[in-house]
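Data first, discussion second: the structure below is written as C-alpha cells.
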Amino acid sequence: MAMALGWGLRPARKGSRPVRSRLVATALIACALCLPSTGHEFATSGVDLELVLAVDVSSSMTLAEQRVQRDGYVNAFRHPDLAKAIRSGARGMIAVSYLEWAGPSHQRVVLPWTIVGSAEDARRFADALAAKPIVAQPGTSISGGLLAAAALFVKSPVVGERRVVDISGDGPNNAGQPVGPVRAMLTGSGVTINGLPVSLPRSSSNGFQSFARQYLALYYEHCVIGGPDAFVIGIDDLAMFEVAIRRKLLLEIAGQPIRPRLASFARSAAFDCSMPGAIPR
C-alpha cells in the first residue's frame with residue numbers, strides 16, 4: 001500500500017551507498033553552469049551529511065513570497081533545535097550549500113559548502129544567507145536545479161555519510177532537460193532527493209498559474225524525490241513556510257526513519273516524468 005507522511009511526506013525505497021565517482025558524468029553535463037568553487041579549506045574530511053538546499057526563485061512567486069521562503073531557511077538555522085540535531089550525529093557536523101535556481105540557464109550558488117557543527121556555526125550561516133540578495137528569474141527547470149546540485153557534490157571538499165538534495169518548487173519541470181533521467185542519475189549514485197512543493201493560493205500569487213497542493217505533491221512524489229528515505233513536505237499556506245522548512249531540515253539532518261501514516265488523498269494520476277513539463281495522463 002502506498003504510504004505518505006504528515007504534511008505530504010512520503011518514503012522512498014532504499015538505494016545504494018553513495019559512490020562519488022558516478023557523479024562525474026553529471027558534472028560534465030552541468031559544467032556549462034560554471035559554478036564557482038568554494039575557496040574554503042576545511043579541517044575535516046568527514047561529515048554526517050552533505051546537504052544542498054536547492055531553492056526555487058522562479059518569477060511565478062512574488063518577491064514577498066520569496067522573502068518569506070528565504071527567511072524560513074534563515075530562521076531554521078538560527079533555531080536551537082537545528083544545532084541539537086547536528087550534534088546528535090556520529091561526527092556532529094554537516095556540510096551545507098545554498099543554491100537558487102529558476103529556468104535552465106539560472107542556477108546561482110548563494111552560499112558555497114560550509115561546515116556547520118555548532119549553534120555558532122549555524123548562526124553564522126544564517127546571517128550570511130540573510131545578507132544575500134534574492135534574484136528571481138523566469139522558468140521552472142527542476143532538472144537544471146538538480147544538475148547544479150550534482151555538480152556541487154562533485155566539488156565538495158568533504159565526504160559525507162549521506163548526501164541529500166533539499167529541493168523546493170512551485171510548479172512542475174517546464175523547461176530544460178526532462179527531470180526523470182536526471183533524478184535517476186542522482187539517486188543511482190546514492191543521493192537522496194527530498195521535495196518541498198509550494199502550492200500557494202492564486203490570490204497570493206502574482207497572476208501566474210497556481211497548482212493545487214494535491215497535484216504538485218503527487219508530481220513531486222512521482223517525478224522528483226527519490227533515494228534512501230526520500231520524502232515530500234508540501235506547503236499551501238505562506239504562514240507554513242518557516243515551520244515546514246525547519247521540520248524538513250531536522251528530518252534530513254537526523255537521518256532517522258519517519259513514522260508513516262496513510263495519505264489523505266487518492267493516488268489517481270499517472271505522470272510521465274520523461275517529459276519537460278510532465279502532466280498527469
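Every number in this text was worked out from the coordinates using simple rules, so none of it is lab data. This is a predicted model, so every value here is computed, not measured. Methodologically, a virtual Cβ is constructed for each residue, glycine included, from the backbone with ideal geometry; neighbour enumeration extends over all protein chains shown.
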For a test of the definition: using alpha carbon positions, the gyration tensor, and the 1.5 limit on a/c, classify the stretch 71-140 as rounded, prolate or oblate. prolate
Ala130 versus Asp71, label points 7 Å from Cα toward the beta carbon: distance in nm? 1.1 nm
DSSP-defined beta bridges in the stretch 48-181 - what % are antiparallel, rounded to 5: 30 percent
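Relative to the present Cα-Cα distance, how much length would full extension add between Ser118 and Glu161 at 0.36 nm per residue of separation? Mind showing how you got there, number by number?
Working: separation 43, 0.36 × 43 = 15.48 nm, distance 1.83 nm.
Contour length minus the Cα-Cα distance gives 13.7 nm.
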Could you give the length gained on full extension between Gln137 and Leu111, defined as 0.36 nm per residue of separation minus the Cα-Cα distance, in nm? 7.5 nm
